[in-house]
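Following: one structure in structure tokens, then a few remarks.
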Amino acid sequence: MAKWTADRLPSMAGVTVVITGAGGGIGLVTARELARVGAHVVLAVRNVDKARQAVTGMHGDFDVRRLDVADLDSVRAFATSYTGDIDVLINNAGVMDIPAARTAQGLDVQTATNYFGPFVLTNLLLPRLTDRVVTVSSQLHRFGRLDLDDLNWRARKYNGLAVYESSKLAVVLFSLELQRRLTASGSRVRSVIAHPGVARTGLATHSPLGFVNRLPFLVQDVERGALPLMYAATQDVPGNAYVGPDGLFSFTGYPLIRKPSRAGLDPAVAKRLWQATATLTGTGL
């Protein structure tokens, strides 16, 4: 079977896609390609000017709106101000292995960006969603360890990489519970997970793991890294599908439905995580 590439994207005329963190990296590539095939693409970003400059000259229908996904006040303001249906929501914004910091709401910035913010945004926009939610995870979720009594990293010693890994495991479990709830309610909306493998972006700038960007046999460019997001957003994949590159260890390659870690498929933990997150954020109860 031929490898799936952006050349095989279907027409998305009349489809509205909201992509967080789309001002650069795989989010921007995804925005560009979906707009190229007719989608109305909303770039939900912290830096509006940067994003507008990034899409200048690109073919397609773009709308740039401010959203700091780590700031729950910003998330709520975005969701409240948005009118109209959204066919596809892509929770792409993320940070990796950054120094410890707190948001205005007292949340750990890294966990808020990668997990709390997407959780709240998805819940608030769900009444407007018609097709699917795609949330970006990482193969590093396989090393994640959750403490449901300390999701906000108050009691544990902060370790940037451990926080990243646990936030990405939380994303996988979030998708599992979200899909269970959608199915139980009779909704046709589906929740899907995508990961880019090891893509050469600025994500790992703050991390010792950034050295992999200098190892061409372990890393792929942003164009290839964005393919799983596009595949997850447009192809007929089942609910809670885990889409990533088809190469060794899913580091590089073309989109393929794979399996997350066993820990990411535990329905009891997924349900407890949802409840703990809903209590912490005041959303999704």
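A full extension of the chain between residue 58 and residue 159 corresponds to an added length of 32.4 nm, given 0.36 nm per residue minus the alpha carbon distance. Give, as ranges by residue number, the residues of the range 63-96 whose backbone N falls under 19 Å from the point 7 Å along Cα→Cβ of residue 49. Within reach of a label on residue 49: 64-68. Residue 157: which aspartates and glutamates have alpha carbons under 16 Å from its alpha carbon, excluding same-chain residues fewer than 8 sequence positions away? By straight Cα distance, residue 157 reaches 97, 108, 147, 149, 165. Annotation: aspartates and glutamates with alpha-carbon distance below 19 angstrom to residue 3 (same-chain offsets under eight excluded): 33, 221, 223, 236, 246. For the chain, the Kirkwood radius over C-alpha pairs fed into Stokes-Einstein at 10 °C and 1.306 mPa s yields D = 85 µm² per second. Here the Kirkwood formula puts the hydrodynamic radius of the range 71-169 at 14.2 Å, using every distinct Cα pair. Local charge for residue 39 was computed over the other residues whose Cβ lies under 10 Å away, with Lys and Arg +1 and Asp and Glu -1, and equals -2. Per residue, the range 48-196 exposes 41 Å² of solvent-accessible protein surface, assessed with a 1.4 angstrom probe and all protein chains in place. Only helices enter the 222 nm calculation for the chain: every DSSP H run of n ≥ 4 contributes -39,500 (n - 2.57), and dividing by all residues gives -10000 deg cm²/dmol, rounded to 500.
Of the heavy-atom accessible surface of the range 1-156 (probe 1.4 angstrom), what whole percent is carbon and sulfur? Carbon-and-sulfur percentage of accessible area, whole number: 49.
Taking all Cα pairs closer than 8 Å and separated by 6 or more residues, the relative contact order of the chain comes to 18 percent.
Among residues other than residue 261 with Cβ under 15 Å from its Cβ, the summed charge is +4 (Lys and Arg +1, Asp and Glu -1).
Quick note on the range 11-96: its Rg to Rh ratio, both from C-alpha atoms and Rh being the Kirkwood radius, is 0.94.
Gain on full extension, evaluated as 0.36 nm per residue between residue 128 and residue 265 minus their Cα-Cα distance, stands at 46.6 nm.
Select from 168, 157, 50 the residue whose mean-square fluctuation is largest in a Gaussian network model of the chain (Cα-Cα springs shorter than 10 Å). Among 168, 157, 50, the largest GNM mean-square fluctuation belongs to 157. Relative to one another, the C-alpha centroids of the range 1-57 and the range 60-93 are positioned 14 Å apart.
When peptides 180-189, 239-248 are ranked by their average number of other Cβ atoms within 10 Å per residue, the highest-first order is 239-248, 180-189. The residues packed around residue 282, meaning those with a beta-carbon under 12 Å from its beta-carbon, carry a net charge of 0 if Lys and Arg are +1 and Asp and Glu are -1.
The values are calculated or read from the model by the stated rules, or taken from the named source; none is laboratory data. Since the structure is predicted, the reported quantities are computational estimates derived from the model, not experimental observations. Positions of Cβ are generated from backbone atoms using ideal geometry, with glycine treated the same way; all protein chains shown enter the neighbour counts. Note: areas computed on protein heavy atoms with side chains; ligands, DNA, RNA excluded. Shrake-Rupley method; radii C 1.70, N 1.55, O 1.52, S 1.80 Å.
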